[in-house]
1. Rounded if a/c is under 1.5, else prolate if a/b is larger than b/c, else oblate: which is the chain, with a ≥ b ≥ c the root eigenvalues of its Cα gyration tensor?
2. For S102 and T9, what is the calculated FRET efficiency with R₀ set at 25 Å and r taken between the beta-carbons, to the nearest 0.05?
3. For a label point 7 Å from the Cα of D137 along Cα→C-beta, name the residues of segment 17-50 whose backbone N is under 17 Å from it.
4. Roughly what would the spin-label model give for L178 and V130, points 7 Å off Cα along C-beta, in nm?
5. Determine, from the Cβ-Cβ distance of K171 and E144 and an R0 of 35 Å, the FRET efficiency 1/(1 + (r/R0)^6), rounded to the nearest 0.05.
6. Under the Karplus relation 6.51 cos²θ - 1.76 cosθ + 1.60, θ = phi - 60°, what is the ordered set of whole-Hz ³J(HN,Hα) values for segment 3-8, x standing for Gly and Pro?
7. Which one of I176, I119, I95 has the biggest mean-square fluctuation once the chain is modelled by GNM with Cα springs under 10 Å?
8. Is it possible to state the helix-based mean residue ellipticity at 222 nm for the chain, with each DSSP H run of 4+ residues giving -39500 (n - 2.57), the sum divided by total residues, to the nearest 500 deg cm²/dmol? What is it?
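Taken together, the values in this text are just the output of simple stated rules run on the coordinates, not laboratory data. Since the structure is predicted, the reported quantities are computational estimates derived from the model, not experimental observations. So basically every Cβ, Gly included, is an ideal-geometry build from the backbone, and we count neighbours across all protein chains shown.
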Amino acid sequence: MIKPLPIITYPNPILKQKSQPVAKIDAEIKTLVEQMFSTMYHQGGIGLAAVQVGVLKRIIVCDLTYEINNHHHHHHHENCHHDLEISNQTQQCFINPVIIKSSSETSVCKEGCLSFPDIRADVTRPKTVVISYLNLDGEQQQVELTDLASTCIQHEIDHLNGIVFVDYLSKLKRDILLKKILKNGKF
Ligand code: ZN
């Protein structure tokens, strides 16, 4: 098992920075991706952007089965994830991802973020998106994602652009939630 990396949390200013494209998918990048998967599973997330482990590169990992299983078996209790089976089939890595198409139809999802511990909020986003990206072999790929997968990838691509989910909330709502994080002292 690869050792998980520490998660960068609010109010670390690196979360507001823009990540740079990956020029070459070399051994260093592949190791980073493995560390990102390990970190995501360890923390019980369904998606992670490299900036969340302090690396300003345009890399995202996702695994949606986690959330689905978690909801199903554990009524969404975030700390109960150790008995979940992780299948390699469901691991997805997106390098230099770009949204090339967004539906006008929207969906609302209660989002959370490993960098904003213990808060959740409804965010409205396009229901379906088409993403172009490189896989770990450096091959150009295109995929259409909808519902939870769409929400997840849009949330993570935002991270690569220095945007976080609370940016979509009203200032009032955002301030209340962020104060809660600072009060909990989890940073
Ligand atoms: Zn996030």
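1. Working: a/c = 1.27, a/b = 1.19, b/c = 1.07.
Taking the square roots of the gyration eigenvalues as a ≥ b ≥ c, the chain is rounded.
2. Calculated transfer efficiency: 0.30.
3. Hits in segment 17-50 for D137 at 17 Å: 25-27, 30.
4. 3.7
5. Efficiency, from the Cβ-Cβ distance: 0.55.
6. Values per residue, Gly and Pro as x: 5, x, 9, x, 8, 6 Hz.
7. Checking each option, the largest mean-square fluctuation is seen for I176.
8. So the helix-based figure for the chain works out to -9500 deg cm²/dmol.
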